Amino acid sequence: MISLAIALTVALAWALTRAAGLQASSDLGYALGIAGGSAMLLLFAYPLRKRVRALRQRGSAKPWFVAHMVLGVAGPVLILLHSGFRIGSLNAGVALWSMLIVAGSGVVGRFLYLRTHRGLSGEHEELGRLLQSLGLAEAQGESVWQDRPALTQPLHRFAADARALAARPGHDLAGHVQAFVALPARRRRALRAVRRALRQDAGAHPTQDLAAIAQAYA
């Protein structure tokens, strides 16, 4: 949705430059350039907040991050309006493409952040359902499965990994990329271990509940 909104904004900006015949040398073009450059400079406020103690005390991080995202979209769009989507020189081309690469990396980073946290939420829900089925939920107290570490340890290990990845700060892009790549593999590994333990227990203890769980997760 964010990518679609950005694409529509850029398309609208392109249509405006063609309809109005904007030139970088015009008064409006000059004002747009100043506004876009100022927005790009203000982007540094968010990373500075994370490193300067006095700025960290200025409100919560969420409004700073929202302002950072808005400026990260508005700045490049204003610069594109200023340039009229035209490159007049080599220096201008290098500056424009550098800006677009940085802006694009921010969009990709935000996508990975949202995708990772949605994935983590889904993994937590699936893990909770599985723990509930096995009688391992914390609210259920002692469980008949406590004496089967081959069954319980993979689940608890995966839960610990998921919590550790979810606890990473929002600006840790490398950490969220790691979670995006590693978490599905860890989930599959945990489920394989659980299925293997369930099949073994189902053969040794063919109770109705155990067989049903083994069939559900086979």
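The values are calculated or read from the model by the stated rules, or taken from the named source; none is laboratory data. Note that the structure is a prediction, hence the values are computed from the model and not measured. Glycine gets a Cβ as well: all are built from the backbone with ideal geometry, and neighbour counts include every protein chain shown.
Taking the stretch 58-114 only, how many residues are within 25 Å of the chain's Cα centre (by Cα), among the polar types (S, T, N, Q) and part of a helix (DSSP H, G or I)?
Here the count works out to 2.
Taking the stretch 61-100, which residues are small (Gly, Ala, Ser) and at pLDDT below 80?
61, 83, 84, 88, 89, 92, 93, 95
Given 104, 59, 84, which one is free of Cβ contacts under 8 Å to residues at least 12 places away in the same chain, at positive phi and not hydrophobic (A, V, I, L, M, F, W, C)?
Going through 104, 59, 84 in turn, the sole match is 59.
Mind listing whichever residues of the stretch 29-50 are modelled with pLDDT under 80 and surrounded by fewer than 15 Cβ atoms within 10 Å (Cβ to Cβ)?
50
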